[in-house]
Structures are given as structure tokens and as C-alpha cells.
Amino acid sequence: MGKTALYLAYFCIYSVIMLIIGKGSMHGSSTPRDYFICERKVSLPFCVATFTGTWVSAITILSLTGSIYEEGLPVLFYAVIPWFLGAFLLALTARQLYSSAAITVPEMFWLRYHSRALQAVYGVVLIFVYIFYLVAQYKGFGLVASALFRIPYPAAVCMVYLFITYTTIGGYRSVLRTDMFHLLLLSGSLLLVCGSFVAKAGGFSALYRAAGQVQGFAHAGITTPTSPGQLLQLFGGRYTPLISLSMFWGWGLGLASNPQYLVRILSAKDSRTARNTVLVSLAILAALYFALIHIGLAMRVMIPSLPDAETTDSIFIRLINNELYGPWSGFFLFSVIGACVSTANSQLLLIASSLSYDVIRPLAPNGLPDKRVVALARRSVIGAGTIVMLLTLNPPHFTLSYGGDLWGVVAILLFPSLYGSVLTGRVTLRGIWCSIAAGALSIAVFYPLRAMGRIPVHPALCGVLISTAALFFGSVTEGKDAGNVDSLGRSVACPQTEDENTRREEDAE
């Protein structure tokens, strides 16, 4: 069977499965609690599948693996290690985070501080971040589909728009099912490709010996050649010690406070499942990253240099589809498409929940009934997906750095307030407003400085320190008894009622 015919066969099978999953998830979900988090009744296998499926994205597979091909293991300190450190922090606080009765992360602030304005502001922040982050997922799908079917990139982006919108509009139930399917598909293909590549390289020992001897330009677009041994160093090239170690403040703390992972915790059927979701997912992710790292090294050993200039994000697709093409290539590339869809539909659903539940519902004069919220969320999926599709026509060049910058915004604006509220009783509403203001100012100052090369560290390091200091300064100046106040500074009772606490306990049982 020819390459094009094989790819079309894979496409037909994949499309049928997506149609079945999407159609089966369209019914029901008449309440926000069901539509956004499946009534907090999700079992461990599905929690793990959606946590892992959301994590492994186009950035992970395309940009990370392309970076390993170009510069080797130094990228681990830049991205992978910060990701895992942030996830361990999430695991340590999973039980405390789960104790909230919230449906969304912005609602956690309403339940704690009774400020609809604060809930709406965080909803707007998340809409902004996820719209721009989704560009990376659309780009990954578009690059793969363009290479598979030899169609223009804009046409491929329209294809991803249809897939992601269709699998998101059914709500969290649809996301859970697609994530389970995509995780199984990706795990199988990664094991197959990693085993094949390592065997061709002569085994792991031979692979590392050969990687240590690689030298020269990775491709025509690289300005600095690889020196012998560089692929196996901890730092090197654009991944200097300062920038790599400071990425923890962007990638790491951004992941620890990222709603796309926190929602997985909130949706679990009990607190034990919430915590085990993170721990089991990390074990699976460690195996997946082991495979991806060695696939990247093996590709460089087998094809030490490409004659044409390539972007970091396109190297992986180029090699799998051309120089290292095999019968498994289509299977693997469609698993990459699945990873893009799994991350994108989760983030698109978060945009919908932020707009309909955290911004419009709280600020509506008479509120919104549940069915209106769900209907508005479905329309938000289509609207946000369209905006992202248009932005993806001019995508970022290097998505690994691009994603770290956006997660840095989350770390600066959300991490101090969220963890300060969860872990201490001393944070006040004034403190959070001070943290948001100081964080926004630091983003406006340090991100341009970093872009101009004026500071040698990731701007999130400076921003998180400043927003954290502002949080505690504002809280201390407000006084000891201002823990639960409304947006006007008046003392109010915490809206987490005894009935809500009882309901949580019953759900856990």
C-alpha cells in the first residue's frame, strides 16, 4: 500500500472513532457541574488518562523532540524537569485543592473571598492565556496534517478546527473519552517507534556512544554546530544554566497552578483519587518521556544532518515522514494528532467555562440558569475555536519557549494567590488584588526586557517573587480579620455551607 493510501486509511479509522465518541457525548450535561467536571464522579483510570492526555501536547512531542535532535539533553533542565517538579508540588497539595466545592479554579476564589469581581478577572486571564496557548496545539496538528495529506497549512488548520471543536462541544465527558483513546494510541506508538529506533542504533549503550560522537550542523538553519559530547551535556547552546534553571518559575510553577490540571483534581470522585491521579500520571509520563528522549537522540544518530533548513517544531515530522519513514509512520503521526486534540479540547473547554461560568454568569444582573450557562459554553467553544484558528495562520516559531512564556504568566498571576489561599489562612482579598496588580506590572516590564536580551533569566522568576511579596504585603496591611471579605472589603461569611461540605463527603464515600 502506498504512503498516501495508508495515511487515508488511518484517517478514516481515526475519524470514525472520533465521530462515535463525540456523538455519544452530546446528550445530557444540562448543568455546569456535569458539563464541566462530570459531577465530580470521575474514576481513577479516566482521571489519569485525561491528566496525561492533557499534559502530552504538540509542544511535548514536536518541539521537545526537535530540540533534543538539535541540541540534545540540555533541553531536559529547560522543560522536562521543571514540569515534573511542578507536578510534584501539585501532588503534595491535591487533597487541599480537592476540598473546594468549586467547579472552576476562578470559582475557588469566589468561595473563599466572596468576590465576583475576582472570579471574573481570573476568568478573563485564563481566556487570554488559553487562546494563545491553543495556537501551539493547532499548529502541531496543522503541521502533521499538512505533511500527511500534502495540503496547504491553512487547510490543515481548518481540519484541526473541526476535530477539536467537535470533540469539545460534548463537554468534559467527551474530553475524558477522547483522552483515554488518545493515551492508548500514543503509548502504543511510542513504544513501537522507540523500540525500533533504539534497535537500529544497536541498543542503548551503542546509542549513547554514537550520540557522544555526533558533531556538525543539525540542519541548514542552525548557526552553531554541535561539538562532540554536546548532545549528552546538562547545559549548552541556547539552554544556558541561568535560563534553564529559572524555567522552573515559568514551566514548573505555571504547571502547578494551571487550571487544566487542577480541574482533573476537582473532577475526581474523592480526595484519594485526586492525589493518586497525579502520582500515577507522573509514572506514566516518565515512561513516555523516556521514549521521546531516546527517539530524539536516535534520530540524530541515524540522520546526523539535514540538508535543508527546518524549524525546531517541524524536524520530527520531516524525519518520520521522509528519511525515517516506515510502515508505522502513519500510525505514529496520527497519535501525534491525537495528542494535539487531547490537549486542545481540554483547554478549549476551559475557555468556555471561564467565559460562561466565571465571567458572564457572575456579572449578569439576575444571574443565568444552568441550561443557559451550558448553552453559552457550547457557543463559546465554537467562537474561541474560530479565533484560535485565525491566530494559528501565523504561529510562533519555537513553541517550547512560547509555551513557557505563557505558563509564566499563569505562575505570576495565579500561583501566589492560589497556593497562598489554600495553604495559609492569612491571605486576604486586598492581598490578592495587590498580587494581581504587581504581577501584571512585572509582566509588562520583564517580558519585554527578556525579549530584548536585557535579563539572563526567565521573566517569571522576577514576576513570581514580586507578586508573592505584594500578596503578603497587601494581606498584612489589611489586618488579621479580613480573611473573608467581599469586593468592597466588607466582612462576609464563607459561602461554603455545611450542606456543601456534607455533599462533598457523600461524594467521597
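The values are calculated or read from the model by the stated rules, or taken from the named source; none is laboratory data. Worth saying up front: this structure is predicted, and the values here are computed from it rather than measured. Reconstructed Cβ throughout: ideal geometry from the backbone, glycine too, with neighbour counts over all protein chains shown. These accessible areas exclude ligands, DNA and RNA; they are computed on the full protein's heavy atoms, side chains included. Shrake-Rupley method; radii C 1.70, N 1.55, O 1.52, S 1.80 Å.
For a straight C-alpha distance cut-off of 24 angstrom, the lysines reachable from Lys41 (same-chain residues fewer than eight places away being disregarded) are Lys23, Lys269, Lys371. Here Lys3 is the anchor, and the lysines within straight C-alpha reach of less than 27 Å, apart from those fewer than 8 places off in the same chain, are Lys139, Lys200. For the pair the stretch 155-232 / the stretch 280-346, the C-alpha centres are spaced 2 Å from each other. Remark on the stretch 230-379: Rg and Dmax equal 21.0, 64 Å (Cα only).
In 5 Å bins starting at zero, report the fraction of Cα pairs in the stretch 51-136 per bin as a rounded %. Percent of pairs per bin, in order: 3, 11, 14, 17, 20, 15, 9, 6, 3, 1, 0. With contacts taken as Cα pairs under 8 Å and at least 6 residues apart, the chain reaches a relative contact order of 29 percent. Calculated [222 nm] ellipticity per residue, helices only, for the chain: -22500 deg cm²/dmol; basis is -39500 (n - 2.57) per DSSP H run with n ≥ 4, divided by all residues, nearest 500.
Peptides 142-153, 312-323, 330-341 ranked from most to least packed give 330-341, 312-323, 142-153, packing being the mean of other C-beta atoms within 10 angstrom over each peptide's residues.
Leaving out ligands, DNA and RNA, and with a 1.4 Å probe, what % of the accessible surface on the stretch 138-220 is carbon or sulfur? Carbon-and-sulfur percentage of accessible area, whole number: 68. Contact order for the stretch 1-154, expressed relative to its length and based on alpha carbon pairs under 8 Å spaced 6+ residues apart, stands at 25 percent.
Test of understanding: express the Cα radius of gyration of the stretch 319-413 as a ratio to 2.2 N^0.38 Å, with N the residue count. Don't skip to the end; give the middle numbers.
On the way: Rg = 18.3 Å, N = 95, 2.2 N^0.38 = 12.4 Å.
So the Cα radius of gyration is 1.47 times the expected 2.2 N^0.38 Å.
For the pair Val422 and Trp328 in one chain, pulling the backbone fully straight at 0.36 nm per residue adds 29.2 nm over the alpha carbon distance.
Sort 377-387, 199-209 by packing, meaning the average of other beta carbons within 10 Å per residue, with the highest value first. Each step should come with its number before you reach the end.
Details: 377-387: 19.0, 199-209: 13.9.
Highest mean packing first, the order is 377-387, 199-209.
Full extension from Thr31 to Phe88: what is 0.36 nm times the residue separation minus their Cα-Cα distance, to one decimal in nm? Display every interim value, and only then the final one.
Details: separation 57, 0.36 × 57 = 20.52 nm, distance 3.23 nm.
Answer, rounded to one decimal: 17.3 nm.
Exposure check, 1.4 Å probe, all protein chains in place: Thr240 carries approximately 60 Å² of accessible surface. In terms of overall dimensions, the C-alpha atoms belonging to the chain reach 67, 51, 40 Å along their principal axes, ordered largest to smallest. Between the helical axis of 81-92 and the longest alpha-carbon principal axis of the chain there is an angle of about 30 degrees. If you line up the long axis of helix 459-478 against the longest principal axis of the chain, both from Cα atoms, how many degrees apart are they, to the nearest 10? Between the helix axis and the principal axis of the chain, the angle is about 10 degrees. To test your reading of the geometry: what angle, between 0 and 90 degrees and rounded to tens, separates the Cα axis of helix 44-55 from the longest principal axis of the chain? In the chain, helix 44-55 runs at an angle near 70 degrees to the longest axis. Rolling a 1.4 Å probe across all protein chains gives Leu192 an accessible area of roughly 80 Å².
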